[in-house]
């Protein structure tokens, strides 16, 4: 009996509406940051790791360069200060600090990496003779 009374009241009671809640979406300014990573002779460095780090929060986004050495960050905040770090296998890492994308005329930042100076020494062979 109680259930049928509840159903009856739900079906036939006057409908009241709550005031509409307006959801306001605030568009955050975004910028696209792109560039290219090459070696000193101008050849593209494929697979280089490019990190974009928000200096205030430490939040990091990482992408890798494609076959042309190009990279791209979408949705970067032009008002935030960033540090960029780039490294590739066999190359000296490079860091750029205190970058604000909104202050750049063109949001393109390219890097030219120097090769790591590696000196290999020849390993000598040592023969061991065991006496019988």
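The values are calculated or read from the model by the stated rules, or taken from the named source; none is laboratory data. Bear in mind the structure is a predicted one, so any value in this text is a computation, not a measurement. Positions of Cβ are generated from backbone atoms using ideal geometry, with glycine treated the same way; all protein chains shown enter the neighbour counts.
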Looking at residue 124, is it at pLDDT 95 or above, part of a loop (DSSP other than H, G, I, E, B) and surrounded by fewer than 11 Cβ atoms within 10 Å (Cβ to Cβ)? no
Name every residue in region 40-81 that is surrounded by 12 or more Cβ atoms within 10 Å (Cβ to Cβ), farther than 15 Å from residue 99 by Cβ and either touching a helix residue (DSSP H, G or I) at 6+ places or on another chain (Cβ under 9 Å) or free of Cβ contacts under 8 Å to residues at least 24 places away in the same chain (or both), in order of residue number. 46, 62, 63, 64, 66
Need the failing condition index for residue 37 against (1) crowded, with 17+ Cβ neighbours inside 10 Å; (2) part of a loop (DSSP other than H, G, I, E, B), just the number. (2)
Which of the residues spanning region 40-57 are in contact with a strand residue (DSSP E or B) (Cβ under 8 Å, 6 or more places away or on another chain), assigned to a loop (DSSP other than H, G, I, E, B) and under 18 Å from residue 80 (Cα atoms)? 55, 56
Step by step: first the residues of region 93-114, then only those that are in contact with a strand residue (DSSP E or B) (Cβ under 6 Å, 6 or more places away or on another chain) and in a loop (DSSP other than H, G, I, E, B), then the one that is surrounded by the fewest Cβ atoms within 10 Å (Cβ to Cβ). Which residue is that? 110
